[in-house]
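Quick notes on the structure that follows.
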Amino acid sequence: MFARSAARAALNSRSFSSSAARHTKVAVLGAGGGIGQPLSLLLKTNPLVTSLSLYDIRGAPGVAADVSHIDTASEVNGYPADKLDQALEGVEVVVIPAGVPRKPGMTRDDLFNTNASIVRDLASAVARVSPQAHILVISNPVNSTVPIVASVLEKAGVFDPRRVFGVTTLDVVRARRFLAGVTGNHPKDTGVTVVGGHSGKTIVPLLSQTSYGKGLDKETWSQLVHRIQFGGDEVVKAKDGAGSATLSMAYAGAKFTDSLLRGLSGEKGVITPTFVKSDLFADQGIEFFSSNVELGPNGVEKIHPLGPISAEEQQLLNECLPDLKSNIEKGRKFVEQS
């Protein structure tokens, strides 16, 4: 009895909204995978989700049957490989964790050829069936898969830059947790804006913008930045070939989905970093960038400037931009050549 009460308390304590102002049909494409299964479970607990549509080439009906027993109000339906269009009918938010996971020694770029094709095909289906849906891209490498989605939608004549998001929330979650660890504070007090992209040196944590991060000595700061940038490698190594950061990514994906749902519901002041089409560095040929974005009824309502940053963070940004530009161009070229 205690365990059940504790589990219920843990779910209730999550940062998911309890507002019932607006309810939404959400699809998870890749629901049978290591991220998709826990992500589907977490979305089932979100009161802003009316209907959950779970799709994968394998296992989605089983995941749906399992998750559907959770005692929340949303309906759950699972769809096999040949029912993608049905899975997308009437969907307002599409979350895409589909793809192969990273293994030891692999970079996010190593994933590109397989995951690029998967994301391209899923984006084509969304463009055909639910062109007005908001698309949340988790599949790596996000720096390239988001441009792939945008290019597919552009080809179909349905691209709305306010409705396509790269989910970089795991970088924000890690930064908050790791900063709390080195300063001895609670993570709720150590929020960090993370900008740039979603791999390695393209991840730029703006620690100087927080009171706790500002006071770090140089060595601690350097170690913390490296851990935030390469935290995924830590998990891949610890899992010893058995997968990548699936559970924490599912949590981060559910967290960002909740932020978007709250914004779509009309809640004001919902601001979080996400990788979107942006003018911040467009003059340098970088058309997508993660920064603080205000979410609202239209999706992206406002892209915030970076604000004041330290000399060290400027150096991180300088190192980020060339790699990020290359990643974006790689995604664009993939669609052009396919």
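Derivation of every value follows stated rules applied to the coordinates shown; laboratory data play no part. Just so it is clear, the model here is predicted, and its values are computed rather than measured. In this analysis, Cβ positions are derived from the backbone assuming ideal geometry, glycine residues included, and neighbour counts consider all displayed protein chains.
Worth a mention:
- Spacing of the modelled spin labels on residue 51 and residue 156, each 7 Å from Cα toward Cβ, amounts to 1.8 nm.
- Structure remark: mean-square fluctuation, Gaussian network model of the chain, C-alpha springs under 10 Å; the largest value among 315, 229, 132 belongs to 315.
- The HN-Hα couplings worked out from phi for the range 131-142 by the Karplus form 6.51 cos²θ - 1.76 cosθ + 1.60 (θ = phi - 60°) are x, 8, 6, 7, 10, 10, 9, 9, 3, 8, x, 4 Hz, whole numbers, x standing for Gly and Pro.
- Sequence-distant residues sharing a close amide H with residue 274 (under 5 Å, placed H): 291, 293
- Within the chain, helix-based [θ] at 222 nm, where runs of 4 or more DSSP H residues each add -39,500 (n - 2.57), nearest 500: -14000 deg cm²/dmol
- The trypsin sites (Lys or Arg not before Pro) of the range 257-310 meeting both criteria, a DSSP state outside H, G, I, E and B (loop) and at most 16 other C-beta atoms within 10 angstrom of the site's C-beta, are 268.
- Taking every alpha-carbon pair under 8 Å whose residues sit at least 6 apart, the range 51-208 reaches a relative contact order of 16 percent.
- Positive dipole terminus of the chain, leading residue within 317, 47, 236 (C-beta point charges): 47
- Taking amide H as placed 1.01 Å from N in the peptide plane, residue 94 has its amide H under 5 Å from the amide H of 27, 134, 135, 136, each at least 5 places away in sequence or on another chain.
- For residue 75, residues with placed amide H under 5 Å, excluding near neighbours: 51, 52
- The trypsin sites (Lys or Arg not before Pro) found in the range 26-86 that occupy coil by DSSP, while having at most 16 further C-beta atoms within 10 Å, are 58.
- Highest-fluctuation residue, 304, 134, 198 considered, GNM on the chain with Cα pairs under 10 Å: 304
- Computed from backbone phi, the HN-Hα couplings of the range 260-273 come to 5, 4, 5, x, 4, 6, x, 5, 8, x, 8, 10, 7, x Hz, rounded to whole numbers (Karplus: 6.51 cos²θ - 1.76 cosθ + 1.60, θ = phi - 60°; Gly and Pro given as x).
- What the Cβ-Cβ distance of residue 301 and residue 132 gives, at R0 = 25 Å and to the nearest 0.05, is a FRET efficiency of 0.90.
- Antiparallel DSSP beta bridges within the chain, as percent of all bridges there, nearest 5: 45 percent
- Fully extended contour minus Cα-Cα distance, from residue 182 to residue 326, at 0.36 nm per residue: 48.5 nm
- Taking 0.36 nm per residue of separation and subtracting the Cα-Cα distance, full extension of the segment from residue 242 to residue 223 would add 4.2 nm.
- Computed from point charges on the beta carbon alone (+1 for Lys and Arg, -1 for Asp and Glu), the dipole magnitude for the chain about its Cα centre is near 540 Debye.
- Computed 3J(HN,Hα) for the range 184-196, one whole-Hz value per residue from the Karplus formula 6.51 cos²θ - 1.76 cosθ + 1.60 where θ = phi - 60°, is x, 10, 7, x, 5, 9, 10, x, 10, 7, 10, 10, x, glycine and proline marked x.
- Between residue 234 and residue 268, the FRET efficiency estimated from the beta carbon spacing at R0 = 25 angstrom works out to 0.10.
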